[in-house]
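*Asks:* Next up is a structure, given as structure tokens.
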Amino acid sequence: DDQNLSYNVTVPNLYYGCATESELVASCGDLRDQYIAFGVDDVVQYSLLSGKKPKPCVINLSLGSNIGVHDSTSVMNRFLAEEGKHAIICVAAGNEANMGIALKKNFTAADETVKTFLTPMQPDTLRSGGKTYFNLRNGQIAAYSNDSTEFELQIVVTNANRRNRAVARIPILKNTNGQPVTYASGGNDYSMSGAVIDPNFAKAFDGYVTAASAIDAETGRYYAMAQIMTSDNQKENQDGHYKLALEIKSKKPGQRVEVYSDAQFIYFDSNKQEGFVSGTRNGSISDMACANNVISVGSYNVRNHWPSLDGYVYGYNKQGEGNDFPVGEASRFSSFGTLADGRNLPDICAPGASVISSVNTYCVTNPDMGYTSAALQAKFEKGGKAYYWHQSLGTSMATPVVAGAIALWLEADPTLTYKDVVRIIRQTAVKDDYVKNTGDPVQWGAGKFDAYAGLKQVLLEKNANGIQGVKTEQREMPVLTMTGSRSFTAFLAKAQQMNVRAYTLSGQLVHSQVAQGNEININASSWEKGVYLIQVNGKSAKKIIIY
């Protein structure tokens, strides 16, 4: 019963990683592009230089931002595309698809205007740092022209009681060459040096708006950016009739302008007012995921309840409120976008809501972090040290699933390139009824990632083509995949017939089965608990554990 959260459960630790024999390399640093680039290059250089010959390399980037040009032209994205020639780079799509945080407009004429409201994601009150904020708008928005052509951008204070008439404007009417224009409410908290203290702005809001524009040196595109921090003035704007809006006016026919919020506290909405438009979820894709030669990964739901070490089952939905993450569907937060160059991203979706994975022991044992037995899903002790597992969700969880599986593929065929991998991902993706009938098609990418089908495809292609320097017997090793605690599948790419024998560690034969083809399903429900040796077509035996 999904609604019953009060019964005890037994929690065996059945959780394991995607590529258990891989060599893990971590590079730490600030999350600015410069340090991310250093980290990526550290891993690539390690893979190229740490052995007698280069090692296959997969890089996971569970990070990114929605601010950016959303194409392949930025310095960071060009860098990733170049590094993608030496490593398979997987990038999280982002977790910002809940709201319309993108606004795209193709103007058909000069002096055409598009208007939207900068709507707070957290309406009403928010308390932080000893202060109370009302309808807080706090974050960045960035607008990009399709080329160096300028556009007019204005942040506008409107009065809903007067048919949304503008009562104050913060204008960027031409290129400011990066010089900011700031409007502030003044007073003790917001008397900023060089700011215009506008009484109409102050009547509506406590806070400030700063805006500037320039030609982006990286891409050659004209862009304008605004930093916003406003809270409704509780003397003059207690009912929220003063609102913040954005207006953009074109300079020529055919101009395209794309606007992105950083998805912290602001999204674009029409508020059902005439002359205003809403934003779109299509465009919530992380800017970093838009690079060429990378694999962008979205999330779908595989679990909405989980057992914990305290013996109870927990979930994201509360009793009587429905299920926030229906199993099988794309996660509502999973970002996606159609780019100006025609690409649809992400490339694929993988399990991301929710995933139970390892959590840092030092984090768990630090009482300030607040981990309790209710927040932990498994524990394992070895060598006097305890290891823990914790559930979480996001495309940052889905992306390592894909990266780890690709590491397995590279173990099977170390010659795979980015083009090989992305082709196999698309060829083997699952397109079930959820993919076909729920969510936005762009959000799904090619569908659901299938690690096993991809591995089989890698092995079939490798055995068909051959790999220089890899012995035949190595290429013919069987793949055993547990399909349950008491069932498994054996696959041997070149086989025309499968002959499977299972032995105990003492050498006793407990099972023998023959089938035509290169794959066979084994039912071990009658076997005793323990470790077994599985031999396929006379090859070297592999161990499995039956619980």
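*Asks:* How would the stretch 296-361 be classified by its alpha-carbon gyration tensor: rounded, prolate or oblate, with rounded meaning a/c under 1.5 and the a/b versus b/c comparison settling the rest?
*Replies:* Because a/c hits 1.5 or more and a/b fails to exceed b/c, the stretch 296-361 counts as oblate.
*Asks:* Can you tell me which of 19-31, 270-282, 408-420 comes out highest on packing, and rank the rest after it, using the mean Cβ neighbours within 10 Å?
*Replies:* 408-420, 270-282, 19-31
*Asks:* Now for a different question. Considering amide H positions built from the backbone, and no H for Pro or chain starts, which residues 5 or more places from residue 57, or on another chain, come under 5 Å of its amide H?
*Replies:* HN-HN under 5 Å from residue 57: 88.
*Asks:* Classify the stretch 19-153 as rounded, prolate or oblate, taking a ≥ b ≥ c as the square roots of the eigenvalues of its Cα gyration tensor: rounded when a/c is under 1.5, otherwise prolate if a/b is larger than b/c and oblate if not.
*Replies:* oblate
*Asks:* Let me ask something additional. Over the chain, average the accessible area per residue using a 1.4 Å probe and give it in Å², no decimals.
*Replies:* 49
*Asks:* If amide H atoms are built 1.01 Å from N in the plane of the peptide, which residues on other chains or at least 5 residues away come under 5 Å of the amide H of residue 277?
*Replies:* Here the answer is 115, 116, 117, since their amide H atoms fall under 5 Å of that of residue 277.
*Asks:* Something else: Per-residue accessible area for residue 313 at 1.4 Å probe radius, Å² rounded to 10?
*Replies:* 20
*Asks:* Same structure again: Cα gyration tensor of the stretch 85-149, axes a ≥ b ≥ c as square roots of the eigenvalues: rounded (a/c below 1.5), prolate (a/b > b/c) or oblate?
*Replies:* oblate
*Asks:* How many angstrom separate the Cα center of the stretch 342-375 from the Cα center of the stretch 241-312?
*Replies:* About 22 Å separates the Cα centre of the stretch 342-375 from the one of the stretch 241-312.
*Asks:* Can you tell me what percent of all Cα-Cα pairs in the stretch 419-464 are more than 18 Å apart?
*Replies:* Result for the distance tail: 33 percent.
*Asks:* For the stretch 363-379, just list the computed ³J(HN,Hα) in residue order, Karplus coefficients 6.51, -1.76 and 1.60, θ = phi - 60°, integers in Hz, with x standing in for Gly and Pro.
*Replies:* Working through the residues one at a time gives 5, 5, 7, 8, x, 5, 7, x, 6, 10, 5, 5, 8, 10, 9, 6, 9 Hz.
*Asks:* Taking R0 as 25 Å, what FRET efficiency do you get between residue 35 and residue 361 from their Cβ-Cβ distance, rounded to the nearest 0.05?
*Replies:* Efficiency at R0 = 25 Å is approximately 0.50.
*Asks:* Could you go through the stretch 151-157 in sequence order and give the Karplus-derived ³J(HN,Hα) for each residue, using 6.51 cos²θ - 1.76 cosθ + 1.60 with θ = phi - 60°, rounded to whole Hz, and x for Gly and Pro?
*Replies:* Once θ is set to phi - 60°, the couplings for the stretch 151-157 become 9, 8, 10, 9, 8, 10, 8 Hz.
*Asks:* Which net charge results when you count Lys and Arg as +1 and Asp and Glu as -1 among the other residues whose beta-carbon is under 12 Å from that of residue 532?
*Replies:* +4
*Asks:* Another question, if that's okay. Apply the Karplus parameterisation 6.51 cos²θ - 1.76 cosθ + 1.60, with θ equal to phi minus 60°, to every residue of the stretch 135-149 and state each ³J(HN,Hα) to the nearest whole Hz, in sequence, with x for glycine and proline.
*Replies:* With coefficients 6.51, -1.76 and 1.60, one gets 6, 5, 10, 9, x, 10, 10, 9, 10, 10, 7, 6, 8, 7, 5 Hz.
*Asks:* Can I ask one more? Taking all protein chains as present, what is the carbon and sulfur share of the accessible area of the stretch 103-153, in % to the nearest whole number, probe 1.4 Å?
*Replies:* 41
*Asks:* Okay, next question. Compare the peptides 137-150, 343-356, 159-172, 366-379 by average per-residue count of other Cβ atoms within 10 angstrom and give them in order, highest first.
*Replies:* Per-residue mean Cβ counts within 10 Å order the peptides as 343-356, 137-150, 159-172, 366-379.
*Asks:* Another question, then. Compute, for residue 134, the solvent-accessible surface of its heavy atoms (probe 1.4 Å) with the complete set of protein chains present, and express it in square angstrom to the nearest 10.
*Replies:* 60
*Asks:* Which of the residue pairs 203/251; 85/542; 203/249 have a Cα-Cα distance greater than 29 Å in the structure shown?
*Replies:* Exceeds cut-off: 203/251; 85/542.
*Asks:* Could you list which residues have their amide H under 5 Å from that of residue 485, counting only those 5 or more apart in sequence or on another chain, with H placed in the peptide plane?
*Replies:* Under 5 Å from the amide H of residue 485 lies no amide H from a residue far enough along the sequence or on another chain.
The values are calculated or read from the model by the stated rules, or taken from the named source; none is laboratory data. Because the structure is a prediction, the values reported are computed rather than measured. All Cβ positions, glycine included, derive from the backbone under ideal geometry; neighbour counts span all protein chains shown. Surface areas here come from the heavy atoms of the whole protein model, side chains and all, with no ligands, DNA or RNA. Shrake-Rupley method; radii C 1.70, N 1.55, O 1.52, S 1.80 Å.
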